[in-house]
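Please read the structure below before turning to the comments.
The values are calculated or read from the model by the stated rules, or taken from the named source; none is laboratory data. Predicted model only: the values in this text are computed from it and were never measured. In this analysis, Cβ positions are derived from the backbone assuming ideal geometry, glycine residues included, and neighbour counts consider all displayed protein chains. Heads up: the accessible areas ignore ligands, DNA and RNA and are worked out on the full protein's heavy atoms, side chains in. Shrake-Rupley method; radii C 1.70, N 1.55, O 1.52, S 1.80 Å.
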Amino acid sequence: MKMKQIMMLLAAVLLTCCSSDSEVNAQNNTAMTEKLYITIDGQAQAVTLVDNQATKTLVEKLQQAPVTVTLSSSGGFEIWGALGFSLPTSNEQINAQPGDVILYNGSNICIFYGTNSWSYTRLGKIDGLSESQLRTFLKAGESNISVTLSLSNITSISSVRSDKESGAYYSLNGQRVENPRKGLFIKNGKKIVL
C-alpha cells in the first residue's frame, strides 16, 4: 500500500511540473491577436505580431495614432530606419527571413525582403506575400520610402477623378457599375445616393 501511495504522489508531482513548463512555453510562443498594418503608397499589408513587451508597447503607441516613418533599403535584404521612439528590447540571435518585421537597437525598424542573421527583437511577420511580392511592396533597392504603421487598414479613396463620361456610375472602391441599384455611388466626380 505504501509503495502505491508514493508512486501516485511522484506521478502527481511530475504531472504538475510538466504542465507548468508547457503553459510557460505556450505563452512565450503565442502570437498576439492584434494585427499591425504596414501601408506603402496606399497599399496595406497585415503583420501578425509576436507577443512580447516591444509589441505591447508599440500597440499602445499606435492606439494613439498611426506612425509614419521613412525607411531605406540596406544590404540587399531589408528596408530600415528610425522609428522616432524607443521600444523595450529582448534581443536574441535571429535568422531573419523575408516578411520578418524586426526591432534593431531598440529604436529602428527593419522589414526584410531577404535574409540576415543578427541580434534582434522580433516584432512580427507580414502575412501572405511571396519573396518577389515583398520586394515589390517594400520597394527593394529604393530610399526614402514612406511607411505608415497602424492598427487598422488605413487605405481609402484619396481623390475622385472623372473620366468625363457622363452617366457612368462607380462604386466607392472605384469599379464601374453598369446597372446601379440602391446605394452610394460616384457619378461625374460627385457622390450620388440611389
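Points to keep in mind about this one:
- Per-region count, the stretch 139-170, residues more than 26 Å from THR48 (Cβ to Cβ), modelled with pLDDT of 75 or more and of a type in the set (S, T, N, Q): 2
- Flag for SER72 being assigned to a loop (DSSP other than H, G, I, E, B) and modelled with pLDDT of 95 or more: no
- Test set (1) open to solvent by 10 Å² or more (accessible area, probe 1.4 Å); (2) farther than 18 Å from VAL147 by Cα; (3) not in a loop (DSSP other than H, G, I, E, B) - THR136 fails condition number: (2)
- Criterion: touching a residue at least 24 places away in the same chain (Cβ under 8 Å), crowded, with 17+ Cβ neighbours inside 10 Å and part of a strand (DSSP E or B) - qualifying residue of LEU103, LEU58: LEU103
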